[in-house]
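The values are calculated or read from the model by the stated rules, or taken from the named source; none is laboratory data. Because the structure is a prediction, the values reported are computed rather than measured. Neighbour counts are summed over all protein chains in view; Cβ atoms, including those assigned to glycine, are modelled from backbone coordinates with ideal geometry.
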């Protein structure tokens with residue numbers, strides 16, 4: 001299949017294919033609650049001695065987000081033991097975490113497993129982005145990095161297709177099997193050349209570039225890497241630079257709210273509770289089939305969204321994304337309200353929940369799901385990009401924790417329709433924020449973006 005492709009391209013695609021096995025794992029873990037929570041609420045399928053309540057189900061989903069500390073551990077470990085070693089450790093952490101989750105003696109073990117999984121997947125996500133950015137040739141870097149979102153969605157689609165038809169424990173066996181393959185292949189990955197530069201081993205960095213098929217880049221790329229390392233090492237106050245530099249402060253003020261809106265848009269709750277939502281809706285479409293359609297929609301939108309970003313720009317896609325999610329959540333709330341008051345019109349609107357959830361995932365996929373990551377990589381100065389990314393990712397996960405936890409409490413307190421109206425309001429606020437605050441970075445170099453952020 002690589003007969004007409006340059007050798008360095010085929011080599012880097014194969015490396016990325018291994019890394020994307022890890023992205024399948026991440027998507028599988030995030031979407032895991034969709035088909036599994038109904039099992040925990042069914043006395044015949046749950047591994048526990050009792051079924052869990054709606055509030056406990058929300059905690060099972062949301063405690064994943066409390067593992068955001070993994071992003072800070074990743075930044076430290078990448079420079080201490082290397083990118084390749086951290087990629088392998090990330091897979092091992094996921095195996096251990098899911099073994100805790102797969103054989104629970106109590107609900108507390110499920111919570112503990114989900115927290116460990118949250119730390120593991122944030123650890124693996126950040127290491128993967130760092131590694132890919134450092135090993136990829138400049139002319140294919142965008143393609144390789146954007147592929148991660150596709151395989152992330154593929155993992156979600158996989159668990160939606162498999163989960164309804166196997167037992168609670170077997171859902172975990174599928175993930176662990178993939179994870180073993182990922183860990184085995186990660187041993188054969190070359191180390192990042194930048195890591196060798198950080199360690200002062202220039203010859204090993206040259207060998208790494210050759211293994212990546214980048215022999216022609218050795219002179220230019222090594223000089224760039226050495227310059228980056230010198231810049232980072234000469235700045236002993238990265239935290240101070242992050243908050244005192246005007247451009248970095250503005251980057252924080254743009255990216256942190258975007259991550260909050262991303263995690264609080266309601267789509268994360270849809271992913272976590274998809275099957276449960278369809279059961280509550282009394283939809284005319286079988287819940288498991290509907291969740292598969294949702295997973296397929298997420299996958300398709302992740303395939304097309306990278307093309308939309310460069311063609312139409314970041315800001316316009318964020319506007320369309322937040323507006324589309326707002327409308328979808330509003331209409332979904334109306335459906336559940338009509339069902340709550342016993343309106344007869346819901347009898348012929350059984351298709352509406354699926355339409356709303358699919359549309360919300362589509363709009364989320366073309367904007368909110370990837371543009372905050374893109375802007376984070378563009379807006380921060382090189383010396384604090386890793387630190388800024390860790391902070392924004394951590395804040396996003398905390399927002400997801402709050403958002404998904406609120407879902408269960410509001411459903412029990414005042415009904416599911418109010419929950420979706422709250423999400424709609426959040427998206428409306430996000431739309432206003434995008435229109436007024438978020439700058440457009442389409443077609444600009446990193447230097448031009450840096451200058452723009454300083455104004």
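Can you find a residue in segment 356-366 that is part of a helix (DSSP H, G or I) and more than 23 Å from the chain's Cα centre (by Cα)? Please lay out each step first, then the result.
First, the residues of segment 356-366 that are part of a helix (DSSP H, G or I): 356-366.
Now restrict to residues that are more than 23 Å from the chain's Cα centre (by Cα): none.
No; the residues of segment 356-366 include none that is part of a helix (DSSP H, G or I) and more than 23 Å from the chain's Cα centre (by Cα).
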task = Report whether or not residue 376 is in contact (Cβ under 8 Å) with a residue 40 or more places away in the chain and closer than 25 Å to residue 244 by Cα.
result = yes
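Part of a helix (DSSP H, G or I), at pLDDT 70 or above and in the same structural domain as residue 353 (by TED's automatic domain parsing): is that true of residue 276 in this structure?
no
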message = Looking for something out of contact with any strand residue (DSSP E or B) (no Cβ under 7 Å at 6 or more places or on another chain), touching a residue at least 40 places away in the same chain (Cβ under 8 Å), assigned to a helix (DSSP H, G or I) and over 30 Å from residue 10 (Cα atoms) - is there at least one such residue anywhere in segment 128-144?
response = no
task = Report those helices (runs of 4 or more DSSP H) wholly inside segment 1-103 carrying at least 2 residues which are assigned by TED's automatic domain parsing to the domain that holds residue 161, in contact with a helix residue (DSSP H, G or I) (Cβ under 9 Å, 6 or more places away or on another chain) and at pLDDT 90 or above.
result = 7-31, 33-40, 83-102
inquiry  = Quick test for you: out of 447, 406, 432, pick the one residue that is outside the structural domain of residue 67 (by TED's automatic domain parsing), modelled with pLDDT under 75, assigned to a helix (DSSP H, G or I) and under 25 Å from the mean Cα position of the chain (by Cα).
reply    = 406
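What residue, among those in segment 412-421 that are part of a helix (DSSP H, G or I) and touching a helix residue (DSSP H, G or I) at 6+ places or on another chain (Cβ under 7 Å), is modelled with the lowest pLDDT? Show your work before the answer.
Taking segment 412-421 as the starting set, the residues that turn out to be part of a helix (DSSP H, G or I) are 412-414, 416-421.
Filter once more, so that each one left must be touching a helix residue (DSSP H, G or I) at 6+ places or on another chain (Cβ under 7 Å): 412, 416-421.
Values: 412: 76, 416: 80, 417: 85, 418: 86, 419: 85, 420: 88, 421: 91.
Result: 412.
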note = When residue 392 is run through (1) surrounded by fewer than 22 Cβ atoms within 10 Å (Cβ to Cβ); (2) under 27 Å from residue 124 (Cβ atoms); (3) touching a helix residue (DSSP H, G or I) at 6+ places or on another chain (Cβ under 7 Å), the failure sits at (1)
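Table: residues versus (1) buried (at least 23 other Cβ atoms within 10 Å of the Cβ); (2) touching a residue at least 60 places away in the same chain (Cβ under 8 Å); (3) within 19 Å of the chain's Cα centre (by Cα).
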| position | (1), (2), (3) |
| --- | --- |
| 80 | no, no, no |
| 92 | no, yes, no |
| 112 | no, no, no |
| 115 | no, no, yes |
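Yes or no: segment 315-326 includes at least one residue that is within 20 Å of residue 411 (Cα to Cα) and at pLDDT 80 or above.
Scanning segment 315-326 turns up at least one residue that is within 20 Å of residue 411 (Cα to Cα) and at pLDDT 80 or above.
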